[in-house]
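**Student:** Could you have a look at this structure, given as structure tokens, before my questions?
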Amino acid sequence: MEAVNKYQFVKIIKITCLILLGTLLLTVSAKIKIPFYPVPMTMQTFVVLFLGIAFGYKIGFLMVGLYLLEGIIGFPVFAGSPEKGVGLIYFTGPTMGYLIGFLVAVSVAGYFKYEKNYIIIFLKLLFAVSFIYLFGLLWLGYLIGWEKPVFKLGAQPFLLAELFKILLLVTLSKYIRKLNKII
């Protein structure tokens, strides 16, 4: 019985460390801007999908959830923080829908079983990332008004970068899945 308790304790510690590492990875991915056309990109959506693929929907959801909680309570984890503000004020700004979409995307990416067919993997990741843009555009439209070109402002400039990130994830997916054995 004691061996079982020790095993469970070690597993809890391992998962806790992984969750903290996931939030750190998300924070770093939010801070790095990569030159890209037509706008610079961060690697946040890449990391969100990566975490889902690597660790599944439960742990991925906890990683992204803790990351969002860190940002809401004032840690400068989001892209553009602390320069553009921190905490709940920043969270409820124009990017809130995208940030909430992270939770759905990591869950969807983590829920899919491993596939060997690259086309199926591509379609699944495209489906997962679409939730980020769906929630993001809904919130942005609510915030700035639907008479504005919401899609042109909130999605179109980023689509080429998303395609690049998804193709990179598809290429690396069989290696990323192996990280699940850490748990």
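The values are calculated or read from the model by the stated rules, or taken from the named source; none is laboratory data. Bear in mind that the values here come from a model prediction, so they are computed numbers and not experimental data. FYI the Cβ positions are ideal-geometry reconstructions off the backbone, even for glycines, and counts take in every protein chain you see.
**Student:** Identify all residues within the range 34-53 that are crowded, with 24+ Cβ neighbours inside 10 Å and among the polar types (S, T, N, Q); write none if there are none.
**Tutor:** Correct list: 44, 45.
**Student:** All but one of (1) exposed (fewer than 15 other Cβ atoms within 10 Å of the Cβ); (2) in contact with a helix residue (DSSP H, G or I) (Cβ under 7 Å, 6 or more places away or on another chain); (3) in a helix (DSSP H, G or I) hold for residue 165; which doesn't?
**Tutor:** (1)
**Student:** Continuing with the same structure: Would you mind finding the one in 56, 65, 97 that is surrounded by 15 or more Cβ atoms within 10 Å (Cβ to Cβ) and free of Cβ contacts under 8 Å to residues at least 40 places away in the same chain? Can you show your working first?
**Tutor:** Numbers: 56 fails: free of Cβ contacts under 8 Å to residues at least 40 places away in the same chain; 97 fails: free of Cβ contacts under 8 Å to residues at least 40 places away in the same chain.
None of the others qualify; the one that does is 65.
**Student:** Take the residues of the range 1-51 that are basic (Lys, Arg), modelled with pLDDT under 90 and in a helix (DSSP H, G or I): which is nearest to residue 129 (Cα to Cα)?
**Tutor:** Going residue by residue through the range 1-51, those that are basic (Lys, Arg) are 6, 11, 14, 31, 33.
Those left that are additionally modelled with pLDDT under 90: 6, 11, 33.
If we keep only those that are in a helix (DSSP H, G or I) as well, we get 6, 11.
Working: 6: 38, 11: 30 Å.
Step by step, filter the range 1-51, then rank; the result is 11.
**Student:** Considering the range 103-122 alone, what residues qualify as being part of a helix (DSSP H, G or I), surrounded by 15 or more Cβ atoms within 10 Å (Cβ to Cβ), at pLDDT below 95 and more than 15 Å from the chain's Cα centre (by Cα)?
**Tutor:** Of everything in the range 103-122, just one residue is part of a helix (DSSP H, G or I), surrounded by 15 or more Cβ atoms within 10 Å (Cβ to Cβ), at pLDDT below 95 and more than 15 Å from the chain's Cα centre (by Cα), namely 121.
**Student:** Just to verify a result, which residue in the range 72-95, among those that are outside any loop (DSSP other than H, G, I, E, B) and at pLDDT below 95, is farthest from the chain's Cα centre (by Cα)?
**Tutor:** Going residue by residue through the range 72-95, those that are outside any loop (DSSP other than H, G, I, E, B) are 72, 87-91.
Now drop any that are not at pLDDT below 95, which leaves 87-91.
Values: 87: 18, 88: 19, 89: 20, 90: 18, 91: 15 Å.
The residue in question is 89.
**Student:** Testing residue 132 on (1) in contact (Cβ under 8 Å) with a residue 40 or more places away in the chain; (2) touching a Leu at 6+ places or on another chain (Cβ under 8 Å); (3) farther than 30 Å from residue 10 by Cα, one condition comes back false. Which one is that?
**Tutor:** (2)
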